[in-house]
Amino acid sequence: MMQEILNVARIGKCYPTYSSEFSRFARWFGMPVKSKSEFWAVRDVSFAMKSGETVALIGQNGAGKSTLLKMISGTVQPIEGKVHVSGRISAILELGLGFNAEFTGRQNVMHSGGLLGHFDSELRKLMPWIEDFAEIGEHFDLPVRTYSSGMMARLAFALATAVRPELLIVDEVLSVGDSYFQHKSFNRIREFRDQGAAILFVTHGMSSVRELCDRVILLDKGRMIKDGQPDEVVDYYNAMIAEKENSKLSIEQRRGKEGWLHTTSGTREVKMVTAELLDSVSNLPVSTVGVGQAVKVLLIARASVPIDKLVCGVMIRDRLGHVVWGSNTAYTRQHEEGIEQFEYIEFEITFKCDLGPGSYSITYALTDSESHTSRNFEWSDNVIIFDVINIDLPTFFGTSALGVTFNSRRSFSMTEWARAAMTASCQDSLNIPKVPRAGQVNSEDGISVQTMHNGLKVVAGGYHGAWMTKIIRDLSGHHEPQEELLFDALMNHVKPGTTMIELGAYWAYFSLWFLKAVPNSNALCVEPDPLNLQIGRKNAELNNLSHRIKWFEAWVGGTEEENHSAICETLGELRNLPQWNYGTVLRQNGAAPIEFLHCDAQGVELEFLKSMSNHSAGERPRFIMISTHHHSISGSRTTHEDCASLIESMGGKVLAQHSVDESYSGDGLIVAAFKEADFGLALPVISLNTAHDSLFQGA
Amino acid sequence: MPRTRRFGNFDTAYACRLMLDLADFQVHEKITYKVFSEMMIGHASSAWRYRQFILSSIRGELKGRFASSKMGALWHILNPLAMAAIYALVLSKILGAKVGGVENDAAYAIYLMAGIASWGLFTEITLRCLNIFLEYSNTMKKIAFPRVALPLIVLGGALINHLLLLAASVMVFAFFSHFPSLPWIALPVGIILTAAFAFGLGIILGVLNVFVRDVGQFMLVVLQLWFWLTPIVYPFHVLPDAMQTIISYNPMLPVVQFYQDIMLYNKWPDFVSLQYPATLSIVLLLVAVFLFRRASPEIVDVL
């Protein structure tokens, strides 16, 4: 049952001007006073709205839209005519009006809500809903003067729409706030409409008009020009704007058989003689086109007078009037110049019809520049109508054939990207201080460089690839949160002028961090893989730290060998290199004390530690950080525990550790000290992963 | 003390009838007693319906005006007290002795305080009403609500301020061993009368000020002059006879004297003398209602 909500009958508003204000006063007391001049902001406007109907009011500035809204909402009194509204009106003409800046959000709901005519008890009942809808959290109980404009809009909209009115009047206010809240606001308005409220709104956004409204009313100079279906009125409005610049222009409108509205306007100094849609191959006219079919639009225009410059524009619209595509020969820099009288100009617009199935229309325009308001020779809406059908592609919907393919894979093992998400979910590195832009990727001298949390630059994707770049981006410059939390803490304790050894250095990040954090320090990096080593060298170069690092290509293990053969990670082939044990490390490093030893030696960590146990306590490093590997790499299910107990038996102390199952990266970790003075060192507590969420899922 | 009661026999009922007859001239409708009473009921019921907004606006005004100052609303009281103190300091030697009749060193200061309290209520309501429609212009343009709420907000705020000031005065007086006595219970009569007079005048001027902004500027000057034409700083009887005759036309004279009688002399004030300002207040209120009715649809048009 469609009930009439609003009836506006021939209303008008006149603003008289008096020769002096005293004449106005005299008129109040009954003197017959003539006004000097009259300005009719609105005159003779009549329309009605039923429940559930959405009507947009359009028109140029000064057309009388605001005055009309104000008369309907009751703030301005009409001079003539009547407005009848059955039920409650809610007018959102400006958000946040009547708010007191000193009051909190909650107090303002009571205050401003009172101004909107709500009762005390009513507002108290609505309060939880308003608080919930506004989503401004604890700000709800802070003074409104501390709000951002977005928060203000949220609160104001929540208050304005807390009660469903029979008639909702919205002036173009919903363009405030973020897109999330705009979306939420529009949903709220739709909800009202679905519950039977009539919505009247003023807008300049013509696309939302077509989408939201059942009817559009066009006002011009205070008069109602048109009241009808959205496409009809909007096209007319567009043509009318063009007319303002062009007095010789005329507008014609008629509705075609298929329901498409043809609107033609212009001076006709250049006229389109023919407009056809042809198949590109056969050159035959078509009205049904397959998705992906090559077609062309043939337009032939003729000038009736000499023309300096001619631009041809074409636009494709879908059934709802949304522009799918549009351009013109001014944008493509192909406009024609110096056209003579009676000359023919032919345009061929070729395209592959990658549109979704449905009905489409082609609109063309002949103008003298890219905007049709300067000089409009001919503008014709929806001249060619054609249907697109899907002949040989899998079913899809929408207006664009994007050539999308689906690929899916199933697996129980964690892929690299899934691992990246798992690592990025660890919060341990959150509170380590970070440089601005940490984690971002920039192009420097032609290579992509990523900034780590401490400002170090590394080759983006150099360490393992793109998924690692994602981890570092997501964690703002960290790649292994647990390990880095501990390393960062240890950097407060290491002494200047010392050495760090990094075995399995790969991208050498920990060495670089050490060199950056510790003055006058050196590093010794060992890595068997030539490509990985190259990444490390490049990273050192990027940070001007090359001169402080000694590089070695070698395997790491329990014994020292001249020639050891093993499969190299990136090349996937056997490589003969010397193998280092702890003795080799000591010899190559010379006499300098080893402050920090970092070892990530793919499964041979236990053997390497054994070689360390052969050396006296005085020759051991101060701190070691050992990655312990999964049994699929090390061959033993107890590698982690064995390493830990070996360290204890050597007289060292494990300061922190996590097993493979507790890792947010891939490997287990042991941090240990060998000097008794360091045994009491308090390291931050790391979070621990659970086995089934870790890389190897407890297998 | 000599008193002039020139307007003692003013016929209030006659004045009202005169006003309504005058109103009959206008074109739109005849304002009869019936229409008039309907108007008043309308104003009262819409004010009652919007009481939440009115009350919270009053709270907002008190809160907002001094929001960023440390002592907040205390300034409301300190300002007039300081004013009285300054006048007392500067003028006590010249005028102090003239305020006879009370055995108190602070007699002149108390005299000043009484006058300033009364005058302060009058000017606060008048001046704020003068600008209230301009202040709320944007709200009036975009939200439909009873406009009568606006002057009521002013009235409420001013009355609360006034009561706070009176309370503070009592404490200051106590410091000078000057305590309230029975006649103080008549004070509300003076308060209501001052407020009614200022309210009527303020609305009339406020409405006119929307159309002719000069009214506001002009009134600032008028109120300055009016202040000095009212015996607040000086006692009425020090004036020469000619001057006394002129000043007896001042409707604020009996009102201020009413306050002074109670607050300084602790004696029963002259109720009969209030007949003139009371009648004038009723006339002004009637004009205000009438004017408000006429101008209301056009206020938004020119804002």
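The values are calculated or read from the model by the stated rules, or taken from the named source; none is laboratory data. The model shown is predicted, which means the values in this text are computed figures rather than measured ones. For neighbour counting, all protein chains shown are included, and Cβ atoms are generated from backbone atoms with ideal geometry for every residue, glycine included. These area figures cover heavy atoms from the full protein model, side chains too; ligands, DNA and RNA do not enter into them. Shrake-Rupley method; radii C 1.70, N 1.55, O 1.52, S 1.80 Å.
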Note on the stretch A:385-444: the mean projected area of its alpha-carbon convex hull, in nm², is 10.3
For the stretch B:212-303, using Cα atoms only, the Rg and Dmax in Å read 17.2, 51
Distance in nm between A:Ser46 and B:Arg49 label points, each 7 Å along Cα→Cβ, equals 2.9
Here P(r) for the stretch A:249-389, Cα-Cα distances in 10 Å bins, as whole percents, is 12, 43, 34, 11, 0
Quick calc, the protein assembly as shown, dipole around Cα centre from Cβ unit charges on Lys, Arg (+) and Asp, Glu (-), nearest 20 debye, gives 4860
Cβ-Cβ cut-off under 10 Å around A:Tyr15, Lys and Arg +1, Asp and Glu -1: the net charge is -2
When the charge dipole of the protein assembly as shown is computed with +1 on Lys and Arg Cβ and -1 on Asp and Glu Cβ about the Cα centre, the Cα farthest towards its positive end, among B:Thr279, A:Tyr331, B:Trp226, belongs to B:Thr279
For the A:Ala294, A:Glu135 Cβ pair and Förster radius 51 Å, calculated FRET efficiency rounded to 0.05 is 0.55
If every Lys and Arg gets +1 and every Asp and Glu gets -1 at its Cβ, then about the Cα centre the stretch A:417-532 yields a dipole, in debye to the nearest 20, of 280
Taking protein heavy atoms only, a 1.4 Å probe, and rounding to whole percent, the accessible area of the protein assembly as shown owed to carbon and sulfur comes out at 56
Between B:Trp228 and B:Asn138, the FRET efficiency computed from the C-beta separation at R0 = 41 Å comes out, to the nearest 0.05, as 0.65
Taking a straight Cα-to-Cα line shorter than 17 Å from A:Lys271, and setting aside same-chain aspartates and glutamates fewer than 8 residues away, one finds A:Glu243, A:Glu252, A:Asp308, A:Glu336, A:Glu337, A:Glu340, A:Glu343, A:Glu346, A:Glu348, A:Asp368, A:Glu378, A:Asp381
Within the protein assembly as shown, the percent of DSSP beta bridges that are antiparallel, given to the nearest 5, stands at 70
Largest first and rounded to whole Å, the semi-axes √(5λ) derived from the alpha carbon gyration tensor of the stretch A:4-230 read 33, 23, 16
Dividing the mean separation of Cα pairs under 8 Å (6+ apart) by the residue count of the stretch A:249-389 yields a relative contact order in percent of 31
Taking only the Cα positions of chain A, the convex hull volume per residue in Å³ is 283
Note: A:Glu553 to A:Ala418 extended length (0.36 nm per residue) minus current alpha-carbon separation gives 45.4 nm
Computed over the Cα atoms of the stretch A:532-576, the Rg and Dmax in Å are 13.2, 34
Note to self: Kirkwood Rh of the stretch B:166-230, Cα pairs, one decimal, Å, is 14.7
At the level of C-alpha centres, the distance separating the stretch A:549-585 and the stretch A:464-525, in angstrom, is 22
Of all DSSP beta bridges with both partners in the stretch A:4-230, the antiparallel percent, nearest 5, is 55
Given a Förster distance of 25 Å, the FRET efficiency implied by the Cβ-Cβ spacing of A:Val404 and A:Val441, rounded to the nearest 0.05, works out to 0.40
What helix-only [θ] at 222 nm does the protein assembly as shown give? Using -39500 (n - 2.57) per DSSP H run of at least 4, over all residues, to the nearest 500, the answer is -12500 deg cm²/dmol
Measure of exposure for B:Leu152: accessible area at 1.4 Å probe, Å² rounded to 10, is 50
The lysines whose Cα lies under 16 Å from the Cα of A:Lys352, excluding any fewer than 8 residues away in the same chain, are A:Lys296
Total charge of the residues flanking A:Ile391 in space, meaning their Cβ is under 15 Å from its Cβ, with Lys and Arg +1 and Asp and Glu -1, is -3
As straight-line cross-link partners of A:Lys82, the qualifying aspartates and glutamates (C-alpha separation under 13 Å, not fewer than 8 residues apart within one chain) are A:Asp44
Rounded to whole angstrom, the alpha-carbon centroid of the stretch A:632-699 lies from that of the stretch A:372-415 at a distance of 54
The stretch B:99-206: spread of alpha-carbon positions along the three principal axes, whole Å, largest first, is 58, 20, 20
Counting Lys and Arg as +1 and Asp and Glu as -1 over every other residue whose Cβ sits under 11 Å from the Cβ of A:Leu688, the net charge comes to -4
Projected area averaged over all directions for the convex hull of the alpha carbon atoms of the stretch A:417-693, nm², comes out at 13.7
For the stretch A:417-693, the dipole about the Cα centre with charges only on Cβ (Lys and Arg +1, Asp and Glu -1), to the nearest 20 debye, works out at 800
